[in-house]
Amino acid sequence: MLRSISFVVMVSAPHFRVLLSDDHPIVRRGVRKILESTLEYEICGEADDGDQTVKLALRLHPDVVITDISMHPMNGLQVTEELRKSLPDAKILILTMHDSVEMLRAAAAAGASGYLLKSDAEELLVTALHSLGEGHRFVSPFFDAKLVKQLFH
């Protein structure tokens, strides 16, 4: 008599610690829900303004900071510049409603690792984070690929 034996090999997924930063709680809840649907991401903290984002990031040392641009008193671009200096290994993903080339250019100049439009977040957030985790940049497909390559060389 032959027996069939099957094995299940479990591979642990990469584990990334993520800090969420947006002045709108509904946005943070939505991002949290998307990330909690995978086993790859741990939300290590949440902030509702730029100052709090920097303080939490310096204390928690996240792998990735997801931040909005439009926050006060310190905006997401200023957060990016500050974190680029103090936590150079952290990936910074700008999550924004701003679909202007000027804002994309400013984010690239500030040192952002990626730029994701909020309108793309439900579909592309996990893809963006995978890309950043692999050491690549990610920009919403709304923007011209040639311009993106030029800005995020």
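The values are calculated or read from the model by the stated rules, or taken from the named source; none is laboratory data. Nothing here was measured: the structure is a model prediction, and the numbers come from that model. In this analysis, Cβ positions are derived from the backbone assuming ideal geometry, glycine residues included, and neighbour counts consider all displayed protein chains.
Points worth noting:
- Count of residues meeting criterion [among the β-branched types (Val, Ile, Thr) and touching a residue at least 40 places away in the same chain (Cβ under 8 Å)] in the range 83-119: 1
- Any pair with Cβ under 8 angstrom, 6 or more apart, that starts in the range 120-146 at a residue that is within 13 Å of Tyr41 (Cα to Cα) and ends at one that is in a helix (DSSP H, G or I): Leu125/Val31; Leu125/Ile34; Leu125/Leu35; Val126/Ile34; Val126/Leu35; Leu129/Leu35
- Residue check, Pro73 modelled with pLDDT of 95 or more and of a type outside the set (Phe, Trp, Tyr): no
- The sole residue among Lys85, Lys55, Lys149 that is among the basic types (Lys, Arg) and within 23 Å of Pro25 (Cβ to Cβ) is Lys55.
- Matching residues in the range 16-49 - criterion: being of a type in the set (Gly, Ala, Ser) and over 15 Å from the mean Cα position of the chain (by Cα): Ser37
- Pairs are defined by a Cβ separation below 7 Å, a sequence spacing of at least 6 or placement on different chains, a first member in the range 44-58 that is at positive phi, and a second member that is modelled with pLDDT of 95 or more and among the aromatic types (Phe, Trp, Tyr); no pair meets this definition.
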